[in-house]
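Throughout, read-outs are computed from the coordinates displayed, never taken from laboratory work. Since this is a predicted model, take the numbers as computed values, not measurements. A quick note on method: Cβ atoms are made from the backbone with ideal geometry, for glycine too, and the neighbour counts reach across all protein chains shown.
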Amino acid sequence: MPQDAIARIHAREVLDSRGNPTVEVRVQCAGGCCGRAIVPSGASTGKHEACELRDGDPKRYAGKGVQKAVAHVKETIAPALIGMPASDQSEIDRLMVELDGTPNKSRLGANALLGVSLACAHAAAAAQKLPLWHYLAGNREPSLPLPMVNLISGGLHAGRNLEFQDFLFLPVAARTYSEALEQAVAVYRSLGEVLRNHGFEGTLVGDEGGFGPRLENNEQAVEMILRALECAGLTPGKDAALAVDVASTHFYENGRYVLRDRAFAADDLTEMFHEWAEKYPIASIEDGMAEDDWSGWKLLTEKLGRRVQLIGDDLFATNPKRLARGCIEKTANSILIKLNQIGTLTETLVVIDQARAAGYRPVISARSGETEDATIADLAVATAAGQIKIGSIARSERLAKYNQLLRIEEHVSAFSRWQPVG
Ligand code: PGA
Ligand code: ZN
């Protein structure tokens, strides 16, 4: 038997950063090498994502157990994969998709498939004695990503204190990854102080580690961050830019975007983003329109797509068919990449290549429910994706990825500096 032939696949239920069960998979090869991966989980999930299989038994973890998905790994997937080379990623993933047999992986669960898919990649890298980023890069030139760092959380990540979900910082003048990270920490610290000085909560954090103050409105979040940038010695618009994840799917009701004080049609909301882009150094807007509001997306892209990075998260759901439609209809100019939205590593790599070929920027992203698993850090470097969105610089499930990038930086000198749109 070859050294990297899959000898054993084990799965178990572990907990994520919200204390919810999730799937961990361990793959062992004939030569003794192992790979392990833990699947993340979203809160503001889109309806076009692959199915995260939960037990639905109210007596365990309020129905959120994943024992069914774990059983599918052990009883259905493992027997089919034993003996295959762990490095045959595309065949492993193809076979699992076939075994599942549904369009959204609802029979076996995308959480079951992704755990196995990633654990195989880790095991294959270990068998080749390569770090994961090196193994995944293959012939590609690896590059450290620019981090897009969460500062203030709102929406479903912080008890709906604000409508918009994330207010983020882009260290656009940083020359290295570690310099970008150091700036992020400085800005985060000064934001805590700015919030406290203005009488707001500057300690409690949301699901991704961003501050979760009860501000008056979305605009006030931007104002607070601009102050924090200045306090940290950065010049907004020159060496610091802002990004927002509007996550607008989650306040879209009957064709209108419902904010606290008023409801917007897509063209009014576009106008509001346009005003923001004129007034503030906003370089990136994610999910400015809802997941199925293709005409709203078209409007937004026509108006701002030549100067602002417009990222489709719920819109594309890391799905090749949805991205293909976006390319034809010219909606957005960037795509958020979340492994568990599609469910296998191979399909994720295909979407990244598809995006690049169409001139869309891929942004590798964590979920709001995360763990110590740092696979996305290696993935971002291996694919030279350019940007990564992990969350804030607080909470260890976030730091697991930031720290992995620091380790990789000792071996990879290339860093993807910010490229303005247009
Ligand atoms: P989620 O949030 O993981 O809760 O979906 C992340 C995002 O919307 O980018
Ligand atoms: Zn998002």
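Computed quantities for the displayed model
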quantity	calculated
Cross-link partners of residue 330 among lysines (Cα-Cα below 26 Å; sequence separation of 8 or more within a chain)	47, 279, 298, 303, 321, 338, 389
Rounded to 10°, Cα long-axis angle of helix 266-279 versus longest principal axis of the chain	70 degrees
Within the chain: Cβ-based charge dipole about Cα centre, in debye rounded to nearest 20 (Lys, Arg +1; Asp, Glu -1)	580 debye
Net charge of Cβ neighbours under 12 Å - reference residue 85; Lys, Arg +1; Asp, Glu -1	-3
Unit charges at the beta carbon, dipole of the chain: most positive-side option, 147, 67, 235	67
Overall form of segment 6-129 per C-alpha gyration tensor (a/c, 1.5; a/b vs b/c)	prolate
Length added when fully stretched, residue 230-residue 328, from 0.36 nm per residue minus Cα-Cα	31.2 nm
Förster radius 35 Å - calculated FRET efficiency between residue 14 and residue 185 (Cβ-Cβ, nearest 0.05)	0.80
Cross-link reach list, lysines versus residue 129, counting only Cα pairs under 22 Å and skipping chain neighbours closer than eight places	401
Cα convex hull of the chain, projected area averaged across orientations, nm²	19.1 nm²
Proxy reagent accessibility, fewest Cβ within 10 Å first, across 164, 264	264, 164
Order of 207, 100 - criterion: other Cβ atoms within 10 Å of each residue's Cβ, fewest first	100, 207
Helix 177-197 vs. the chain, principal-axis angle (Cα, 0 to 90°, nearest 10)	50 degrees
In nm, spacing of pseudo-spin labels at residue 75 and residue 278 (7 Å Cα→C-beta vector)	6.2 nm
Helix-only CD estimate at 222 nm, as mean residue ellipticity for the chain, using -39500 (n - 2.57) per DSSP H run (n ≥ 4)	-11000 deg cm²/dmol
Overall form of segment 224-369 per C-alpha gyration tensor (a/c, 1.5; a/b vs b/c)	oblate
